[in-house]
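A.B. asks: Please find one structure pasted underneath; my questions will follow.
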Amino acid sequence: MHEFILSLLIILVSARIFAEIFSYLKIPPVLGEVFAGILIGPSILGIVEVNEIIKIIAEIGIILLLFEVGLETDLKKLQKEGTKSVIVALFGAIVPFGLGFAVSFYMFNLPLIVSLFIGGTLTATSIGITVRVLKDLGKERTSLAQIVVGAAVLDDVIGVILLVILADFALTGEVNIENTIRIIILVALFFATAPVLAAIMSKFIHVYDRRYRRVPGFIPTIIISLILFFAYVAHLFGAPEIIGAFAAGIALSRRFFLPFGIALKADPHFVEKLETQMRPLIFLFTPVFFVTVGLSMNLREIDFSSLTFWLLTSVLIIVAVFGKVGGAYLLKNMNGLKKLILGTSMVPRGEVGLIFAELGRSAKIFTNEIYSAVVFVVIITTLLPPFLLKYLFRLEENREKEEKS
């Protein structure tokens, strides 16, 4: 217990210090939190290790962040931009997977299952990283942000299904159709029922808080209780293996809080009250998630002297970037700069890419060299886009000023 307390202390303090430093240097603060994880984790100092308790706290952090995104999401814009989100998501999942597999299998002559896992790693989009950058830049309410949120959610769903299929194939040598179908049905049921459940629960919370509440603290208590409830339901629906639980967890807990936040917005005064009471919890838990992303990266495992490593990572980075950016250029009625901003927003792989990589290593699919290359690709595609987005948004603002003048 004392070790966990010390680890959490170091995580919170380092996250705050480096977020402030990076903000002062005009670098997106989220990168300061990721860097804090890299610094205190196995990459440099090695004083904090990720354990199950920290993972749970990090998961609560990303759920709360998505809940806040739901509160700030414009439902009309989200519906209006829905087709664009689908196009970007499908391109961003299928193309990186196909190209990642093709270059690994045909160019580098890697085994079939290794190539499939590399392709799977490249399908991911870290909605947490992207959303946090958009919030830091004050762009979370724009139409571009709505497209990104919709596309990233769909990307996660596709990634989960792909993860289940590849995990079965890696562990048993064949695809478990029954397990795959169960997860697909689970995700489909969730997306069909989530808006209804969200509307019912939000109505109950609103009415109870207005008419019957006698003791302060009702809103934070009920929101955290819902997180715990859906996490438990995820366990009930998921397979006993970690993959099934991960898939169900994303479907039932994380993604529920986007429509739930949207459904609560009927009364602006209530939303303001909700945000005021929830914001301290969001500020407390969310940095733990981004520090954990940094903690999960181990730069010491990367052999920077290997020629194969540099060749493989260079090709995969090109595939990873093109596979996400290219989808934005299929959209119409949008200028080139906005398409580039949209595509860049989809590039971060973050924690989802690391889950694929870690599964590949634990199942002995990846050698140390392949694992290092894949992790390095995830690191680069996670750390560079926030810099690019800040620069691109500044260009867009300058262009808009010139057009007005």
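A.B. asks: Under 5 Å between amide hydrogens, which residues at least 5 positions from Asp303 or on another chain qualify, with H placed 1.01 Å from N in the peptide plane?
C.D. replies: Placed amide hydrogens put nothing under 5 Å from Asp303.
A.B. asks: Listed here are the pairs Lys139/Lys324; Lys26/Lys324; Lys139/Lys338; Lys84/Lys139; Lys80/Lys390; which of them are more than 23 Å apart at the Cα?
C.D. replies: Flagged as over cut-off: Lys26/Lys324; Lys80/Lys390.
A.B. asks: Sequence gap at least 6, Cα distance under 8 Å: using those rules, report the relative contact order of the range 1-63 to the nearest whole percent.
C.D. replies: 24 percent
A.B. asks: Taking the Cα-to-Cβ direction at Phe229 and at Arg213 and moving 7 Å from each Cα, how far apart do the two end points lie in nm?
C.D. replies: Those two pseudo-labels are separated by 1.6 nm.
A.B. asks: Just read off the accessible area of Phe387 with the full protein assembly in place, 1.4 Å probe, to the nearest 10 Å².
C.D. replies: Only protein atoms counted, so the area is about 90 Å².
A.B. asks: Taking H placed 1.01 Å from N in the peptide plane, check which residues at least 5 places from Thr142 or on another chain put their amide H under 5 Å from its amide H.
C.D. replies: It is none; the list stays empty.
A.B. asks: On to the next question. In the range 300-372, which chymotrypsin sites (Phe, Trp or Tyr not before Pro) are in a loop and have at most 10 other Cβ atoms within 10 Å, using DSSP for the loop call? Write down the numbers at each step before the final one.
C.D. replies: Numbers: sites: Phe304, Phe309, Trp310, Phe322, Tyr329, Phe356, Phe366, Tyr371; in loops: Phe304, Tyr329, Phe366.
Qualifying residues, ordered by number: Phe304.
A.B. asks: Could you work out the relative contact order of the range 17-153? I mean the mean sequence separation of Cα pairs under 8 Å and 6+ apart, divided by the number of residues, in percent.
C.D. replies: In percent, rounded to a whole number, it is 25.
A.B. asks: Let me ask something else. So what are the ³J(HN,Hα) numbers for the range 298-306, from phi and the Karplus equation (6.51, -1.76, 1.60; θ = phi - 60°), rounded to whole Hz, Gly and Pro as x?
C.D. replies: 10, 5, 5, 7, 8, 8, 6, 8, 7
A.B. asks: Find out how many positive minus negative residues lie around Phe376, taking Lys and Arg as positive, Asp and Glu as negative, among other residues whose Cβ is under 15 Å from that of Phe376. Mind showing how you got there, number by number?
C.D. replies: On the way: positive: Arg300, Arg349, Arg361; negative: Glu301, Asp303, Glu358, Glu369.
Summing Lys/Arg as +1 and Asp/Glu as -1 gives -1.
A.B. asks: While we're here: Express in whole angstrom the spacing between the alpha-carbon centres of the range 349-405 and the range 127-168.
C.D. replies: Cα centres, the range 349-405 to the range 127-168: 12 Å.
A.B. asks: For the range 357-405, what class follows from the C-alpha gyration tensor (a ≥ b ≥ c being the square roots of its eigenvalues): rounded when a/c is under 1.5, otherwise prolate if a/b is larger than b/c, else oblate?
C.D. replies: In terms of gyration-tensor shape, prolate.
A.B. asks: May I ask you to evaluate 6.51 cos²θ - 1.76 cosθ + 1.60, the Karplus curve with θ = phi - 60°, for each residue of the range 44-57 and list the ³J(HN,Hα) values in order in whole Hz, giving x for glycine and proline?
C.D. replies: Computed from phi, the couplings for the range 44-57 are 10, 7, x, 9, 10, 10, 6, 10, 5, 5, 5, 4, 5, 4 Hz.
A.B. asks: Quick one: Karplus J couplings for the range 335-349, per residue in order, coefficients 6.51, -1.76, 1.60, θ = phi - 60°, nearest Hz, x for Gly and Pro?
C.D. replies: Once rounded to whole Hz, the list reads 6, x, 5, 5, 5, 5, 4, 4, x, 5, 5, 8, 6, x, 8.
The values are calculated or read from the model by the stated rules, or taken from the named source; none is laboratory data. Just so it is clear, the model here is predicted, and its values are computed rather than measured. So basically every Cβ, Gly included, is an ideal-geometry build from the backbone, and we count neighbours across all protein chains shown. These accessible areas exclude ligands, DNA and RNA; they are computed on the full protein's heavy atoms, side chains included. Shrake-Rupley method; radii C 1.70, N 1.55, O 1.52, S 1.80 Å.
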